[in-house]
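A.B. asks: I'd like to ask some things about the structure below.
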Amino acid sequence: MKVINPNDDLSEILATGKIHYIDLDLSTPKSLIQKLKTQYPKLKIIISHHDFKTTPPLKILKKTVTEMLSKGADIVKIATY
């Protein structure tokens, strides 16, 4: 797994075709996610949400998953306390 340095040029790294999955935070704008999916159609998008203080009720977790999918997630990842 390669961790991308924030100073790296993401488009240059993705253009190599060597990146198959990218993990983005739930706060990532939908427009950026859609742009990535359009420019790199083979790229799989993981959208993550982390709550290190609590585990929300199931109803809230389901709402979070729905939001992730509506943003274009191929895979959702939720980490809670």
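A.B. asks: Look through 70, 31 and report the one residue that is at pLDDT 95 or above and either polar (S, T, N, Q) or in contact with a helix residue (DSSP H, G or I) (Cβ under 7 Å, 6 or more places away or on another chain) (or both).
C.D. replies: Within the list 70, 31, the selection yields 70.
A.B. asks: Within the group 38, 28, which residue is under 16 Å from the mean Cα position of the chain (by Cα), open to solvent by 90 Å² or more (accessible area, probe 1.4 Å) and among the β-branched types (Val, Ile, Thr)?
C.D. replies: Criteria check complete, one pass: 38.
A.B. asks: I need a count of the residues in the range 62-73 that are at negative phi and surrounded by 14 or more Cβ atoms within 10 Å (Cβ to Cβ).
C.D. replies: Residues in the range 62-73 being at negative phi and surrounded by 14 or more Cβ atoms within 10 Å (Cβ to Cβ): 6 in total.
A.B. asks: Here's another thing I want to ask about it. Pick out the one residue from 18, 63, 42 that is among the charged types (D, E, K, R) and at pLDDT 95 or above.
C.D. replies: Going through 18, 63, 42 in turn, just one is among the charged types (D, E, K, R) and at pLDDT 95 or above: 63.
A.B. asks: Just checking, how many residues over the range 41-67 are within 20 Å of residue 11 (Cα to Cα) and out of contact with any helix residue (DSSP H, G or I) (no Cβ under 7 Å at 6 or more places or on another chain)?
C.D. replies: Residues meeting the conditions: 4.
The values are calculated or read from the model by the stated rules, or taken from the named source; none is laboratory data. Quick caveat: nothing in here was measured; it's all calculated off a predicted structure. Neighbour counts are summed over all protein chains in view; Cβ atoms, including those assigned to glycine, are modelled from backbone coordinates with ideal geometry. The protein model used for the area step is the full one, side chains on, heavy atoms only, and it has no ligands, DNA or RNA in it. Shrake-Rupley method; radii C 1.70, N 1.55, O 1.52, S 1.80 Å.
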